[in-house]
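Please treat every number below as a calculation from the coordinates, not as lab data. The structure presented is a predicted model; accordingly, all values stated were derived computationally and were not measured. Cβ: placed from backbone, ideal geometry, glycine included. Neighbour counts: every protein chain shown.
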Amino acid sequence: MASFDGSLPFPATLVRSCLGQPLQPGQMGVLLARAGVGKTACLTHIALEALAQGQKVLHTCIDELPDKIKIWYEELYRNFKSAISDEALLNTIKEGMVASRFIMSYMHHTFTPAKLEENIRSLRDQVRFEPTVIILDGLDFERVSRKQLEAIQKTAENHGASVWFSCRIHRHIDIANDKGIPYPCHELDDLFEAIILLEPKAQAISMVILKHGDQYRPPRAALVLNPRTFFLAEAHEGLKAQCSS
């Protein structure tokens with residue numbers, strides 16, 4: 001199985017382009033955005049980036065059916081096929097979506113950190129599936145406690161996985177801490193290795209790094225996403241030019 005080594009023309013390197021390297025085991029990252037901007041699509045891209053590198057992904061969604069998440073994967077994979085000529089890499093991603101990805105859904109606010117820990121142990125013991133990346137989409141940050149997030153982080157540490165969350169922010173709530181982290185993450189920012197803001201622009205989505213490691217608002221240019229394909233706009237344009245040359 002081929003794996004992505006950082007030099008291939010792969011337009012979905014959101015994590016590497018933002019942070020330089022993936023999150024390490026036990027580290028957590030969060031994507032902040034208003035409703036409808038593209039949090040789920042970006043989390044799916046992060047998952048596909050991990051699958052391209054031969055990692056195993058547990059995609060956990062709250063109040064969403066697994067079939068809908070599978071549709072996101074298929075749609076983004078079709079975008080990749082239209083832009084990538086490397087058949088080995090495409091096969092790695094496609095095989096990963098079957099053998100290295102597990103989608104788990106919790107409905108009607110039934111999710112708890114204890115259930116996540118229990119389910120990961122069951123996957124390990126029953127089907128020998130041990131994720132290296134955990135996607136947690138739909139957690140209500142207006143209700144989640146620091147203790148619960150710490151428990152999720154502990155689970156990630158125990159199982160050697162990193163965690164990526166989505167968090168909905170609101171246009172009408174202007175609360176933020178003194179480091180510029182908006183509600184509802186303004187009192188939880190120290191728990192996260194990476195905090196990334198998705199902002200809708202004219203025919204684009206801007207990805208702004210609010211925190212990485214100990215740095216807040218690090219001096220890096222915002223990345224731009226195509227809102228239709230969720231490719232990195234610059235990478236996609238470069239890839240098109242390379243393919244046409």
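Amide H to amide H distances under 5 Å link Glu64 with Tyr106, where only residues 5 or more positions off or on other chains count and H is placed in the peptide plane.
Using a cutoff of 8 angstrom between alpha carbon atoms and counting only pairs six or more residues apart, the relative contact order for the chain works out to 29 percent. Between Val208, Val98, Val15, the GNM of the chain built on Cα springs shorter than 10 angstrom shows Val98 fluctuating the most. Lys-Lys pairs in the chain that are eight or more residues apart or on separate chains and whose Cα atoms lie under 17 Å of each other come to 12. Using R0 = 25 Å, the C-beta based FRET efficiency linking Arg16 and Ala222 works out to 0.95. Taking H as built 1.01 Å from N, whose amide H comes closer than 5 Å to the amide H of Ala176, not counting residues under 5 places away? Placed amide hydrogens put Tyr183 under 5 Å from Ala176.
Computed from the C-beta positions of Lys147 and Ala88 and an R0 of 51 Å, the FRET efficiency is 0.70 to the nearest 0.05. The modelled label-to-label distance between Asp178 and Ile71, using points 7 Å beyond Cα along the C-beta direction, is 4.7 nm. Summarising the amide proton neighbourhood of Arg101: residues at separation of 5 or more, or on other chains, whose placed amide H is nearer than 5 Å comprise Val57.
Whole-Hz Karplus values for the range 151-156 come out as 5, 5, 5, 5, 4, 4 Hz, taken residue by residue from phi with 6.51 cos²θ - 1.76 cosθ + 1.60 and θ = phi - 60°; glycine and proline positions read x. State log₁₀ I(q)/I(0) for the range 1-144 at q = 0.09, 0.16 Å⁻¹ as given by the Debye formula over alpha-carbon point scatterers of equal weight, solvent excluded. Per q value, in the given order, log10 I(q)/I(0) is -0.27, -0.89.
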